[in-house]
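**Student:** What follows is a structure written as structure tokens; I'll ask about it next.
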Amino acid sequence: MSEQVSTGLGAGLSAALLDGERWRRNRALAVRWALALLGGLIVFGAFVLANGASPLDVYTDIWTGTLTQPSQVQQILVRAAPLVLAGLAVVIPARAGMVNVGGEGQLIIGAVAAAGVAQALTTAPTGLLVIAMPVAAAAAGAAWAGIAALMRVVVNVNEAVTTLLLNYVALYVMLFLILGPWKDPAALGQSTSVGLADGAKLPLLAGTAVHVGVLVSLGAAIVVWFALSRTSWGFRLSVVGGNAEAARRTGMPVVVVLLTALLIGGALAGLAGFVQYAGSEYKLRPTFGLSLGYVAFLASWLARHRPVPLLLASLALAAIAVSGNSLQIGSGLPAASVNVLMGLILVAVLGWTGARKAAQS
Amino acid sequence: MIVEILSGAVRGGTSILYAGLGESVSERSGVINLGTEGAMLVGALGGYAVTAQTGNPWIGVLGGAAAGALLSLVHAVLVVSRGANQFASGLTLFFLALGLTSLFGTGYVSRQINAFTPVKVPVLGDLPVVGPVLFQHDPLVYVAFVAAPLVWWVLFRTRAGLLLRTAGERSDALVVHGYSVTRVRYVATVVGGALAGVGGAHLSIAYANSWFEGMVAGRGFIAVALVIFGMWNPITIAGGAYLFGAALSLASVLQAGGVAVNQFALDVVPFVLTLVVLAVLGKRTLLAAPDELLKVLDNSTSR
């Protein structure tokens, strides 16, 4: 596993070999990753042991059952696609100094909007549907984040608190719909919405199980990287994020910057919901997109809110998430136990790898 | 029906009340802990597991408190000693708790325990209306009646409370007088986590009498919001917690009464209510926020 990560990092390193300062930063990032991963693996192994399973078996399972299987590697790519998009939804507001913890809800609302469009336009040409679904998903995600953005700008309530609460509202809205008006009468057992028509599903790349959403998210990461580092908009974001008061005094429209950052973030998370819906799950179910938004939040913090490292972080976390399934089959541990591993890695990264601020702040 | 809703409000609000008290202790010292949701989760499982092993729910409460305290200790290490972003750390711990409780909780799903049972208070419990609403509950509900004023008293009438609030208002003043801000914030965060753990334990060993994954279902996040519009005052927070308890109990009371409502339309009520109250009162109540906490809330940025 560490080999894979380090080859991935190698690619990231050579791409960013522009000047020495940057190289040093990337090398520090690589060391951070290795140590955090190692620490996480060790502590997770201890938890597994405490639970009566053998850590060695678990890691063998992950290796043989996931990381060395071509079909599983494709699964990892598919899992990473919405993670990257929802991760960018954390990256952009973070540049402006905001914490968007609402990826989970924005993603679900995006998928709900896409599903709503799909149900409303069953007779429309698929071409229209293919355009209308992502647009609706992005708009819904932006609107959902917009509620938190407005509360931040107008009544100054912190967006971390409101976006978290909105996650639950979004979840219950979806559950309400799939157990009520949108319920598929043909669904057996678990309630779901009606499945998406084949023509509206995201097409697969030739000869693989990987859908074009992977390319969409890669493209989005590149666009966001360019916008953040090469445009005046990106510059304004980081000025506001660095010192909002100073930005205000130089006459910068701080409120507009904060609003747009959260709205664009929400739109990207909504798009992530569309990719998950039209690319992987094809219907809404009670567990739709489960914890993708939270994992994306971890990915963004692992990547220190930078788009290119975010790609790597998303791949790594997607690999851990996918291996959760083989864990369930192999060792009988619940699939969600890999959340422990992700959490531990981020604890290590947050605590022991950051540019330390003053401890008293 | 009104009596049922009010009685359910007190019962359902108790877990949020404990979590809100814990969060107010921690925030008064300048540390916001989104991991309260996680502390409640591990508290719920810890309380349940210890009760199952020992057969004594009171020891279970201690187990829940210990689990919540341990998780919050990690938060204290990250944000106080290591200067990590408070929101990121809190959310990470919530996520960690989701995984931990899933990993260790499988053996306790559908296991029977010797849970708390309602105890009617003599004389008071026989009063009309007031009796069933306030005095026919499990013991943890009564403990909460005492805990809220007690936390208020400690915060505002004792030396320890003064130190804690100074850490949240003007931490440099503590340093000048030779106290350690770090130590005060550690204690406040860990005590806050222990209280949240008791709240979680109330859910599993007194309210639902069972353990299932994700059973806290956002109550910890509601508690964080509650502390903001409860203006960091334990008494107001207690009132708010019972208000949310009412919103929570509405669902079960309506369903028991045979009213056909989609359950999720009712589940969403406490969250919408929280958001609306924040939108209406947020600006005003934030004036009461501890200064050091305002810095965290205003400029949440960190890389």
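**Student:** By how many nm would the segment from B:V175 to B:L73 lengthen if fully extended, with 0.36 nm per residue of separation less the alpha-carbon distance?
**Tutor:** Values: separation 102, 0.36 × 102 = 36.72 nm, distance 2.21 nm.
Contour length minus Cα-Cα distance gives 34.5 nm.
**Student:** Let me ask something additional. Using the Kyte-Doolittle scale, which helices in chain B average at least -0.5 and also have C-alpha atoms spread 30 Å or more along the helix axis, with helices defined as whole DSSP H runs? Intermediate values should be presented prior to the final figure.
**Tutor:** Values: long enough: B:2-28 (35 Å, 0.53); B:181-202 (32 Å, 0.88); B:234-256 (32 Å, 1.40).
Long hydrophobic helices here: B:2-28, B:181-202, B:234-256.
**Student:** Any idea how far apart A:W63 and A:I131 come out in nm if each label point goes 7 Å out from Cα toward Cβ?
**Tutor:** Those two pseudo-labels are separated by 5.2 nm.
**Student:** While we're looking at this one, here's another question. Would you please classify the overall shape of segment B:160-257 from the alpha carbon gyration tensor, given that a ≥ b ≥ c denote the square roots of the eigenvalues, rounded means a/c under 1.5, and beyond that prolate means a/b larger than b/c while oblate covers the rest? All intermediate terms of the calculation are to be shown ahead of the outcome.
**Tutor:** Numbers: a/c = 3.85, a/b = 2.19, b/c = 1.76.
Because a/c hits 1.5 or more and a/b exceeds b/c, segment B:160-257 counts as prolate.
**Student:** Can you list the lysines whose alpha carbon is less than 30 Å from that of A:K201, not counting same-chain residues fewer than 8 positions off?
**Tutor:** Cross-link targets: A:K183, A:K283.
**Student:** Rounded to the nearest 500, what is the 222 nm mean residue ellipticity of the protein assembly as shown from helices alone, with -39500 (n - 2.57) per DSSP H run of 4+ residues and division by all residues?
**Tutor:** Values: 28 runs with 470 residues, N = 664.
Using -39500 (n - 2.57) per qualifying helix, the result is -23500 deg cm²/dmol.
**Student:** Tell me the per residue accessible area of the protein assembly as shown using a 1.4 Å probe; a whole number in Å² is fine. Walk me through the numbers on the way to the answer.
**Tutor:** On the way: 25210 Å² over 664 residues.
I get 38 Å² per residue for the protein assembly as shown.
**Student:** How many partner chain Cβ atoms sit within 10 Å of a residue's Cβ in peptide A:170-176, on average, as a whole number?
**Tutor:** Counting other chains' Cβ atoms within 10 Å and averaging over A:170-176 gives 5.
**Student:** If you build a Gaussian network model of chain B, linking Cα atoms that sit under 10 Å apart, which residue out of B:G90, B:G55, B:G68 swings the most?
**Tutor:** B:G55
**Student:** Under a straight-distance cross-link criterion of Cα-Cα below 22 Å, which lysines are reachable from B:K283, leaving out those fewer than 8 residues away in the same chain?
**Tutor:** Straight-line reach from B:K283, under 22 Å: B:K295.
**Student:** Return the FRET efficiency for the residue pair A:L56, B:D298: r is the Cβ-Cβ distance, R0 is 56 Å, and the value is rounded to the nearest 0.05.
**Tutor:** Details: r = 48 Å, r/R0 = 0.86.
After rounding to 0.05, the efficiency reads 0.70.
**Student:** Please average, across the residues of A:89-102, the number of beta carbons from any other chain that are within 10 Å of each residue's own beta carbon, and give a whole number.
**Tutor:** On the way: counts 0, 1, 0, 0, 2, 6, 2, 1, 6, 4, 10, 1, 7, 0.
Across the residues of A:89-102, the mean count of other-chain Cβ atoms within 10 Å is 3.
**Student:** Sticking with this one: Taking chain A as a Gaussian network, Cα atoms linked when under 10 Å apart, which of A:A96, A:A299, A:A272 shows the biggest mean-square fluctuation?
**Tutor:** A:A96
**Student:** While we're looking at this one, here's another question. Relative contact order, percent, of segment A:2-352 when contacts are C-alpha pairs under 8 Å separated by at least 6 residues?
**Tutor:** Numbers: 559 pairs, mean separation 116.0, N = 351.
Relative contact order for segment A:2-352 comes out at 33 percent.
**Student:** I would also like to ask the following. Which distance in nm do the two modelled labels at B:Q112 and A:R230 give, with both placed 7 Å along the Cα-to-Cβ direction?
**Tutor:** So the two model labels end up 6.9 nm from each other.
**Student:** What order, most packed first, do the peptides B:210-219, A:257-266, A:234-243, B:141-150 have when packing is the mean number of other Cβ atoms within 10 Å of each residue?
**Tutor:** Values: B:210-219: 20.7, A:257-266: 24.5, A:234-243: 18.9, B:141-150: 16.7.
With the highest mean Cβ count within 10 Å placed first, the list reads A:257-266, B:210-219, A:234-243, B:141-150.
**Student:** Please list the non-local residues whose amide H lies under 5 Å from the amide H of B:H137, H modeled 1.01 Å from N, same-chain partners needing a gap of 5 or more.
**Tutor:** Those qualifying (amide H under 5 Å, at least 5 residues apart or on another chain) are B:V119, B:V121.
**Student:** Taking the simple approach of a point 7 Å from Cα along Cα-to-Cβ for both B:E213 and B:R159, what is their distance in nm?
**Tutor:** With each label point 7 Å from Cα toward Cβ, the separation is 5.0 nm.
**Student:** Another question, if that's okay. Provide a whole-number value for the mean count of partner chain Cβ atoms within 10 Å of the Cβ atoms in peptide A:335-341. It would help to have the intermediate numbers written out before the result.
**Tutor:** Values: counts 1, 10, 7, 3, 9, 10, 2.
Mean partner shielding for this stretch: 6.
**Student:** Related question: Give the residues of segment A:180-211 whose amide nitrogen is closer than 11 Å to a point set 7 Å from the Cα of B:V261 in the direction of its Cβ.
**Tutor:** The answer is none, because no backbone nitrogen lies closer than 11 Å to the label point.
**Student:** Another one. Taking chain B as a Gaussian network, where each spring joins two C-alpha atoms under 10 Å apart, which residue of B:F94, B:F156, B:F135 fluctuates the most?
**Tutor:** Result for chain B, Cα springs under 10 Å: B:F156 fluctuates most.
**Student:** Then there's this: How much length is gained if the chain between B:V272 and B:I59 is pulled fully straight, taking 0.36 nm per residue apart and subtracting their Cα-Cα distance, in nm to one decimal?
**Tutor:** On the way: separation 213, 0.36 × 213 = 76.68 nm, distance 3.58 nm.
Working it through step by step, the gained length comes to 73.1 nm.
**Student:** Which residues belonging to segment B:212-250 lose at least 20 Å² of 1.4 Å-probe accessible area when the assembly is complete, relative to their chain isolated?
**Tutor:** Listed by number, the residues meeting the 20 Å² cut-off are B:A217, B:F221, B:I228.
**Student:** Between A:N243 and A:L205, what length comes free when the chain is fully extended (0.36 nm per residue of separation minus the Cα-Cα distance, one decimal in nm)? Don't skip to the end; give the middle numbers.
**Tutor:** Working: separation 38, 0.36 × 38 = 13.68 nm, distance 4.45 nm.
Length difference between fully extended and current span is 9.2 nm.
**Student:** Oh, and also: A plus B alone minus the pair: what accessible area, both sides summed, probe 1.4 Å, in Å² to 100?
**Tutor:** Summing both sides, the interface buries roughly 5200 Å².
The values are calculated or read from the model by the stated rules, or taken from the named source; none is laboratory data. Since the structure is predicted, the reported quantities are computational estimates derived from the model, not experimental observations. Note that we place each Cβ from the backbone using ideal geometry, even for glycine, and neighbour counts take in every protein chain shown. Note: areas computed on protein heavy atoms with side chains; ligands, DNA, RNA excluded. Shrake-Rupley method; radii C 1.70, N 1.55, O 1.52, S 1.80 Å.
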